[in-house]
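The values are calculated or read from the model by the stated rules, or taken from the named source; none is laboratory data. All figures in this text were calculated on a predicted structure; none of them were measured in a lab. Glycine gets a Cβ as well: all are built from the backbone with ideal geometry, and neighbour counts include every protein chain shown. Side chains included, ligands, DNA and RNA excluded: accessible areas come from the protein's heavy atoms. Shrake-Rupley method; radii C 1.70, N 1.55, O 1.52, S 1.80 Å.
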Amino acid sequence: MDYQKILQEIQEEVQELLHKGKVADYIPALAEVSPAQFAMSITLFDGTQFSIGSADTLFSIQSISKVYSFTMALQFYSKELYKRINIEPSGNPFNSLVQLEYENGKPRNPFINAGAINVTDSLISYYGNDNITYEQVLEFIRSISQDSSIDSNLVVSNSEMEHGHRNLALANLMKSFNNLDNDVYEVVQTYFKHCSVEMSTKMLSRSMLFLANSGVDPVSGVRHISTAQAKRINAVMLTCGHYDASGDFAFNVGLPGKSGVGGGIVAVVPNLMGISVWSPGLNEQGNSLVGTKALELFTTKTGISIF
Ligand code: GLN
């Protein structure tokens with residue numbers, strides 16, 4: 001298949017949509033990003049990459065980091081993790097508080113904010129220290145991306161901390177239900193630092209290979225998680241990866257995926273490739289508007305999907 005040609009077609013077809021989305025301005029440091037940017041990359045199992053647009057530009061991965069922290073928590077806790085977090089779609093916005101109250105402080109899934117904050121808390125308990133947790137997650141991201149240059153942007157995480165009232169409220173609510181072990185501020189700050197990691201679509205598509213290959217990085221041969229765990233992470237990406245637009249994403253794209261408010265999306269094609277797309281303008285549910293469309297065009301043009 002001529003992937004490069006398909007990517008070129010996609011880039012042309014999404015041009016008219018580039019000004020339709022709205023950048024995430026609730027994090028002031030992200031409000032300054034120009035919305036009319038686009039990049040898309042795929043990485044095959046032998047490491048070959050195809051890209052279009054600004055595929056080397058670094059951007060804030062935001063909630064895509066939730067896939068990495070969830071993977072690590074599963075490595076350490078396995079099924080025990082589900083005592084504190086569910087794995088059902090929420091049907092609610094990513095930062096919603098109401099459902100968490102009704103459900104006694106147990107988050108619906110690891111990809112809404114409450115769930116990811118809870119996952120971070122579990123990692124801090126495992127490592128016994130918030131700074132070590134932050135560094136270990138960063139190390140894990142570097143290792144699955146095979147790129148030691150990856151780092152976070154603390155201007156973004158500090159900006160988010162200053163305006164992080166809602167995430168602090170989620171953490172406090174979980175704490176009030178005895179479903180958060182560590183200090184609320186430390187947990188939320190560590191979560192923000194992971195969200196502020198910066199990567200390009202080339203790096204992100206590379207980082208998904210182990211999930212496309214039953215837990216084993218096909219290039220390095222390293223097993224990161226069990227086959228069963230890889231299946232579960234992909235399932236949660238499919239059902240919960242786009243919050244209250246997860247059904248829409250499954251319907252239109254047909255792949256496990258995870259979005260972030262920085263405008264990035266990762267997607268997994270089992271047994272074939274990792275994909276990433278970036279365009280900072282978001283739709284109403286906080287997912288990249290052009291990114292979602294580009295992935296829909298990709299699966300439609302190639303006929304590749306899990307269905
Ligand atoms: N750091 C962001 C937040 O907590 C992540 C949200 C997202 O990417 N959907 O609001």
query: When the dipole is taken about the Cα centre of segment 1-115, and only Lys, Arg (+1) and Asp, Glu (-1) are charged at their Cβ, what size is it in debye, to the nearest 20?
result: 640
query: In debye to the nearest 20, how big a dipole does the chain give about its Cα centre with +1 on each Lys and Arg Cβ and -1 on each Asp and Glu Cβ?
result: 720
- prompt: Using a 1.4 Å probe on the protein chains only, how many percent of the accessible area of segment 1-144 belongs to carbon and sulfur?
  reply: 49
message: Give me the 1.4 Å probe accessible area per residue for the chain, excluding ligands and nucleic acids, in Å².
response: 39
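Classify segment 122-179: rounded, prolate or oblate, from the alpha-carbon gyration tensor (a ≥ b ≥ c, eigenvalue square roots; a/c under 1.5 rounded; otherwise prolate if a/b is larger than b/c)?
Details: a/c = 2.99, a/b = 1.48, b/c = 2.02.
It comes out oblate by the Cα gyration axes.
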- request: Using a 1.4 angstrom probe on heavy atoms only, work out the carbon and sulfur share of the accessible area of segment 260-307 in %.
  value: 50
query: Is segment 178-307 best put as rounded, prolate or oblate by its Cα gyration tensor, with a ≥ b ≥ c the root eigenvalues, rounded for a/c under 1.5, and otherwise prolate when a/b is larger than b/c, oblate when not?
result: oblate
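Rounded if a/c is under 1.5, else prolate if a/b beats b/c, else oblate: with a ≥ b ≥ c from the C-alpha gyration tensor eigenvalues square-rooted, which is segment 48-105?
oblate
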- prompt: To the nearest 10 degrees, how steeply does helix 130-145 sit against the main Cα axis of the chain, on a 0 to 90 scale?
  reply: 20
The chain: calculated mean residue ellipticity at 222 nm from DSSP helix runs of at least 4, using -39500 (n - 2.57): -14000 deg cm²/dmol
query: Could you give the dipole magnitude of segment 162-307 about its Cα centre, charging the beta-carbon of Lys and Arg +1 and that of Asp and Glu -1, in debye to the nearest 20?
result: 440
- prompt: If all Cα-Cα distances of segment 214-279 are sorted into 5 Å bins from 0 onward, what percent lands in each bin, rounded to whole numbers?
  reply: 4, 18, 25, 26, 15, 10, 3, 0
- prompt: Which length gain, in nm to one decimal place, applies between Thr48 and Gln136 when the Cα-Cα distance is subtracted from 0.36 nm times their residue separation?
  reply: 28.9 nm
- request: Positive end of the charge dipole of the chain (Lys, Arg +1 and Asp, Glu -1 on Cβ, about the Cα centre): tell me which of Ala116, Ser60, Ser90 has its Cα farthest that way.
  value: Ser90
Gap separating the Cα centres of segment 63-138 and segment 247-306, nearest whole Å: 22
task: Compute the relative contact order of the chain as a whole-number percentage, counting only Cα pairs closer than 8 Å that sit 6 or more residues apart in sequence.
output: 28
Dipole of segment 132-209, positive end: most advanced residue of Val156, Ser207, Ser176 [Cβ charges, Cα centre]: Ser207
- line: Share of accessible surface on carbon and sulfur in segment 152-237, whole %, 1.4 Å probe and ligands ignored, is 49
Isotropic mean projected area of the C-alpha convex hull, the chain (nm²): 13.5
field: On Cα atoms only, tilt of 3-14 relative to the major axis of the chain in degrees
entry: 80
